[in-house]
Amino acid sequence: MLGAHCLAGNLICWDEMDLELPQLLRTRKIQHEIMSAYDDLPKAYDASSVEDAIYEMWERSGAFQPQGDGKPFCVMMPPPNVTGVLHLGHAFEDAIMDTIVRFQRLRGRKTLLVPGTDHAAIATQAKVEKILMAEGMQNPRKELSREQLHEKIRIFAETSKSTILSQIRKVGTSCDWTRLAYTFDDARSRTVNELFIRMHADGLIYRGYRVVNWSVKGQSTCSDDEIVYVERQSKLYTFKYSKDFPITIATTRPETKLGDTAVAVHPADKRFSAFIGKTFTIDIGARKPLEIKIIADEEVDPSFGTGALGVTPAHSAVDFAMYERQKAVGDPIDIIPVIGTDGRMTEEAGIAYVGLSVEEAREKFVGWLRSQGLLEKEEDIMQNVGTSDRYGDVIEAIPLTQWWLDVNKEIPGRGKNLRDFMREAVTTGLDGDSVKKVTITPDRFTKLYLDRVEHLHDWCLSRQILWGHRIPAWYHETKNVFKDDHEGEKVLCQAIIISIEKPICKHCGAEYIQDPDTLDTWFSSGSWPFSTLGWPLTRVLFVRHGQAHSNLEGFIDDRIDNPKNPLTDTGRDQIVEVAEHLVKEGAVRIIASPVLRTKQTAEILAEKLKIPLLFDDRLREIGLGKYDGGSEEVFGVARGSTKEWISGKTVDTIESYKNLKTRADGFMDDLLKRYAGKTIIVVSHGDVISTMGAYGTDESWLASYPKNGGYLLRTYGNDGRVNTDLQTFFPTTWMQMGYEILYLWLMRMILMSTYALDDIPFGDAYIHGILRDKEGKKFSKSSGNGIDPIKVIDQYGCDALRVSLLLGVSPGNDSRYYTEKTESGRNFVNKLWNISRFILSIIPTEGAGSSQGDLLADVRSGIETKSLADQWIMVRIDVVIASVTKKLEGYEFSSASEELRDFTWGDLADWYLEIAKIEQGKEVILRSILQTILKLWHPFMPFVTEHIWKIAGFDGQLIIAEWPNVVAKSSYSVAFGMPEDTEDMTLRSFDILRLLITDLRRLRAENGVESTKQILFAIVAPDDIQKLLEENMEIVKTLARASSVKFVGSIVDDWATTVSGATTVGLDLSGAIDIKKEKAKLSKEIAETEEYIVTTGLKMKNVEFMTKAPTRVKETMEKKYGEANMKLQALKERLTKLE
RNA sequence: GGACGUUUAGCUCAGUUGGUUAGAGCGUUCGGUUCACAUCCGAGAGGUCGCAGGUUCGAAUCCUGCAACGUCCACCA
């Protein structure tokens, strides 16, 4: 198998985990031999040749599944809509999410990232209809049956889904595929139905006739959040209904005036007070003359327009509210719909208007007003018009009967309404419990969220599209029928029943028809944080019957009514006792095997617990065949061991395991479907319970076998499997989303979770900005600026894309994407590759395969470090570990990766590795550094790091390695037995060295000395610095390319110089120096330094500064001040010498 | 009409309790066939942190006002 995955050049063998030990050892040996030839590693890292294999390895090894006993860290992937393929915005989200998740996994948290997709109801249906229409259909909803159209959409969605899922893999997202979810699968349906039923039972969901947002094009309602407001030029018409009507009104929608039933004025407006309460009959062409009542309403703004408002309850949400207020005070006005769902005028609008579009009707009506001399004014105004976000047409206000969620109604038993929950969740914490608080990052969105909560209206849940969760409501005509057994007494059939299954009318033969509408897509996305974890949980208590005579006497019995085999007295006592335990479980039903002993058991329970009892044949005792009535012992021998029986070896006339399992599973399927979210008691026999108990899990569960009168509790999730996820992972830890869906999604998730589970959906909500193109435009199909993330990955590699997306972003702010960023990311990935290549060429290859554990810890605890550079890099890496850890904990991706890059490229590659070419014996340190930076980089660049990890021969998989320990600042010096401030001293000393080398390099660059030429430097330095330089002379000479460096008292006049601190460096140009230029340079530097000294000196003399500034600031300033003074002195000395 | 965001080097952006002489990437200039890397190495240039006030020993950072750009919200018919 080696060859199959041994990818040319990028040596790696993934198949180890499948190999037996001898094979493994052999493979390792070959692998090791190949890897010894590090020179063969290609100069450039080739991402495309390894990424897929690495992902496959991770997935197959189970690394994506939660592991260990760490504190759970759970993230739900925001499910992409199955309306198409992933775009860069998704890749951006995945990068953020996966970085966090990988970091936490390395830190040892029990980490779970659940992948999933969203059926995106209206968006998907709109998309498919558009495609069908492009293919020539006029009206897909008419030309296809409901089933046919549904199937077309389903196929589209499935195709899109599978593309999306493969893309999620491509971007390296480390999610647990065994928990894959879809907002429209069976499990999520159970969640949705359960929520709907509970909310309805609590009176929060109601059916009401109200003005809704209606898209004519989409032929469906939509919620307030699905409206996009567009500013448009329109006309404000001022007119009177008739010559003798006393009040002039203004409107932008004259055609709706055909449905006016009132004129509203402000109660305090004296101009109109005389008319309030009066009714005028006018004829403006509607089907019937209109009865216009003058009403007073606080909402009317007396200063706007004419100060009077024509009220059209049917076609304006504001007016509808007035209509309701009038009704509430017992002074009702009429409601007349004049626009239909087809966007055309109704019969109520009158013979002249019926069938016209609103635009046509408007023109006609305005024409009529004009001809009658009723139109007083016509002015242009700018107006916000609501349009459908999916269909793009203007949203009409139309009164319809729909399903609503009441956000203001007090929830029974909770003392609060949904808005209270939503508010508390982000402020005090739910019910004042600060643990149940959602922290929104950045914080400013909390304010926006709260503002929105205050303005929240009831949520219209029903949609007239077919792609979505069907509303679990059933209707049939209400009619009076004669009751069967009470001659002459009439009963009313129930018109509406909320139920998942089709109900049967108790009174008549008429069928119930399910509501054709579907639920708003956000109803299912709102429950995502817990629908993915299995809610609602169904608890099943499997009770084994009490002791029967057969148990006592040792015979077996599968007959239903064997009079010789009732419960014994002991058996009855057992059940009475178990009933006492079960009473607190809150079971709603008992389902039992009809066999006498279980029947009796169940009857005792039903009586004690006062809950209904049903029987189900599938719970009957295992079929005993010819052994029925015989001895238990004989049967046992005939059946053989449980294992044999399960494997199907048992023959004879005994019921097979397969058969038993089929009926047990069938029973459980039905139970979980019908009683989702409830607690049910199932009374049956030993083997049957054992088989059912294994439902939704593996067969090892078959071992569970309660004694007579004993019971077994199993908790099942919405997917019908034994569930512990909800308890372990809810509330989830972290959630992210773009700010554009803050209202749509965040609010609804909080609403649903607080309602259903009395808890927050997640602790942290991280809000990110929108990814834009180079010009700052949103990526969209219509502007044709879309970039396929997969193409980018193919070209540059996934790691390159990920870092380029994360660098330079900050929470809540938009960021721009352009390929140069990814190029730069690719360059860095390659840099890391080459750093590794270099280190691997130095460290002894024999040790590569046997690297054990945390190498950094080894170095920390006891290596004899020799050089300044060694000490410096170890101090630096500790600082970087601490800082990167802290930043990632605070979700500062950009800053963390920037710091890491600076360390890796700057400190490590440019300095330490260059020094490693000069100084010897760095194998141990280099290996530990390589291991550490691979860990630190892994969250950002998972593939290349894992790949190098393997090549370097580090233990196991990097993805589940251990994050480097953050050590206290002094631990390093302690390890070396040095004074506490060793770190600072080390950093400072190395900085001096580094600065000097840079000075030397600059000096030669400025003076045009070829970089290859070995030259002579002279240095004037204080003793301590001279000592430092002498100790590191090889480094100075090599890195500055000096043939020799000598220490002198002063520099020869005609040498070029540069001054830093107290040190002056001279370069022998053999008299070829421009004295004038040199003097000018010195003067300029003197001026700058003097200015600094003056301002800083003033600051330091300032009493207030000295008393108020923190010591840290003062110390730094004093140090700098001293250095500047030394520098100034050296500069002046040099200048005097030249003069 | 409200609210929020942005304004820092030529471009794209970091800059988390106010504290060294403000940073990065890209671009740009100069010099490099250094045996890990030209997807590279070395050295530079480039900013009065949108404007005007204020608070403070000290402001890119806090406050006030203004401007430009952007986004969201609102039932002004």
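Quick notes on this structure:
- With a Förster radius of 30 Å applied to the C-beta separation of A:Glu1088 and A:Trp905, the computed FRET efficiency comes to 0.50.
- For the listed residue pairs A:Lys71/A:Lys950; A:Lys866/A:Lys935; A:Lys831/A:Lys1081; A:Lys243/A:Lys364, the alpha carbons are over 30 angstrom apart in A:Lys831/A:Lys1081.
- Most tightly packed first, judged by the mean number of other beta-carbon atoms within 10 Å of their residues, the peptides A:717-724, A:238-245, A:271-278 read A:717-724, A:238-245, A:271-278.
- Accessible area, probe 1.4 Å, largest first, for residues A:Arg1002, A:Arg362, A:Arg714: A:Arg1002, A:Arg362, A:Arg714
- Bridge type composition, chain A - antiparallel percent by DSSP, nearest 5: 65
- Under 18 Å from the Cα of A:Lys327 - aspartates and glutamates, other chains or at least 8 residues apart: A:Asp260, A:Glu291, A:Asp297, A:Glu298, A:Glu299, A:Asp319
- With each label modelled as a point 7 angstrom along the Cα→C-beta vector, the A:Tyr705-A:Ala321 pair spans 6.9 nm.
- Within region A:761-789: backbone nitrogen closer than 18 Å to the A:Ile741 label point (7 Å, Cα to C-beta): A:761-772, A:778-781, A:789
- Euclidean distance of C-alpha centroids, region A:620-655 and region A:149-192, integer Å: 44
- Comparing A:Gln233, A:Met76, A:Trp535 along the charge dipole axis of chain A, the residue lying farthest to the positive side is A:Gln233, per the Cβ-charge model.
- For region A:279-329 versus region A:915-940, the gap between their alpha-carbon centres in whole angstrom: 78
- Stretching A:Ser782 away from A:Thr281 to a fully extended chain increases their span by 175.2 nm, per 0.36 nm per residue minus the current alpha-carbon distance.
- Helix A:186-201 axis, angle to chain A major axis (alpha carbon atoms, nearest 10°): 60
- Highest to lowest packing among A:667-677, A:769-779, A:122-132, scored as the average C-beta count within 10 Å: A:122-132, A:667-677, A:769-779
- For region A:147-234, the solvent-accessible area works out to 42 Å² per residue, with a probe of 1.4 Å and every protein chain left in place.
- A:Ile465 long-range amide H proximity, modeled H, under 5 Å: A:Thr518
- Under 17 Å of direct C-alpha separation, and excluding same-chain neighbours fewer than eight residues apart, A:Lys1120 reaches these lysines: A:Lys1099, A:Lys1101.
- FRET efficiency, 1/(1 + (r/R0)^6) with R0 30 Å, evaluated for A:Arg210 and A:Asp758 via beta carbons: 0.50
- Shape class of chain A from the Cα gyration tensor (axes a ≥ b ≥ c, square roots of the eigenvalues): oblate, since a/c reaches 1.5 or more and a/b does not exceed b/c.
- Taken per residue, the accessible surface of region A:1033-1110 reaches 54 Å², heavy atoms only and a 1.4 Å probe.
- Packing here is the average count of other Cβ atoms within 10 Å per residue, and on that basis the peptides A:374-381, A:188-195, A:400-407, highest first, run A:188-195, A:400-407, A:374-381.
- Acute angle (nearest 10 degrees) that the helix A:51-61 long axis makes with the longest principal axis of chain A, alpha-carbon atoms: 60
- Folded to 0 to 90 degrees: helix A:923-937 orientation relative to chain A principal axis, Cα: 30
- Phi-based couplings in Hz for region A:1121-1128 (Karplus 6.51, -1.76, 1.60; Gly and Pro marked x): 4, x, 4, 5, 5, 5, 4, 4
- Set of aspartates and glutamates near A:Lys142 by C-alpha distance (under 12 Å), chain-local residues within fewer than 8 positions excluded: A:Glu129
- Given A:Lys437/A:Lys821; A:Lys257/A:Lys278; A:Lys110/A:Lys887; A:Lys127/A:Lys791, the pairs whose alpha carbons are separated by over 28 Å: A:Lys437/A:Lys821
- Total formal charge among the other residues, if their Cβ is under 10 angstrom from that of A:Ile339, Lys/Arg +1 and Asp/Glu -1: -2
- Between A:Arg232 and A:Gln383, A:Asn384, A:Val385, the built amide H atoms are under 5 Å apart, and every one of these is 5 or more places off in sequence or on another chain.
- Rounded percent of accessible protein surface that carbon and sulfur make up, chain A, 1.4 Å probe: 51
- Backbone HN-Hα couplings from phi across region A:628-641 [Karplus 6.51/-1.76/1.60, Hz, Gly and Pro as x]: 3, x, x, 7, 4, 4, 4, 4, x, 5, 5, 7, x, 5
The values are calculated or read from the model by the stated rules, or taken from the named source; none is laboratory data. The structure displayed is predicted, hence computed values, not measured ones. Every residue, glycine as well, gets a Cβ built from its backbone with ideal geometry; the counts of neighbours run over all protein chains shown. Surface areas here come from the heavy atoms of the whole protein model, side chains and all, with no ligands, DNA or RNA. Shrake-Rupley method; radii C 1.70, N 1.55, O 1.52, S 1.80 Å.
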